[in-house]
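Reading through the structure tokens given below for one structure.
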Amino acid sequence: MLLARQRNDCELLSPSLAQQDRNALSSHFKKIKVIFDGVLEIELSFFRSQEQNLTCEWLHKEIVNKINAKLSSPSDKTTKITAVYLETSPSNIQLDYWLTLPKKSISVLQDGQVLIARKVEENRKFAVDCEEGMMEITDFKILADIGWGGVSSVYLGNLDNISFTFPIN
């Protein structure tokens, strides 16, 4: 009781001390904002000291769980989603690709990063008409050159009829 009274007195004398406590606490956390379907906003917070151990796979699962928790109604079980794909806002193609790699760390995300989550259709089939089953670079819309090696370059691209992004070697 005495401690609570002293704390309240301290806040009355110096309101900036309470703000300093909040700022000190927020420096230990990183926050990411996720927008789903253009209307549902979710905020994820995690310890900065743990971000090296957190993976993109963890991020996807956490986002799916939070979306399902916000969408769930006791009478309707059909609104559950099982997977999302993520895009950065503003768009960063290389970071979008990074987010598709399940074992990569989320430490590359900036504090306050905004991600757009889109539902993955489970029944979507990837049908590709190619002679002899071989695909060529001309089958893709090239979005970015993301790397190179001793023998070839690696691009990020989309097939014309599929909205997913693929690495192309």
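Quick notes on this structure:
- Every condition in (1) modelled with pLDDT of 80 or more; (2) out of contact with any Leu (no Cβ under 6 Å at 6 or more places or on another chain) holds for residue 88 except the one numbered (2).
- Of the residues making up the stretch 119-139, one or more are in a strand (DSSP E or B), modelled with pLDDT of 80 or more and closer than 30 Å to residue 61 by Cβ.
The values are calculated or read from the model by the stated rules, or taken from the named source; none is laboratory data. Model, not experiment: these values are computed from the prediction. Note that each Cβ is placed from the backbone with ideal geometry, even for glycine, and that neighbours are counted across all protein chains shown.
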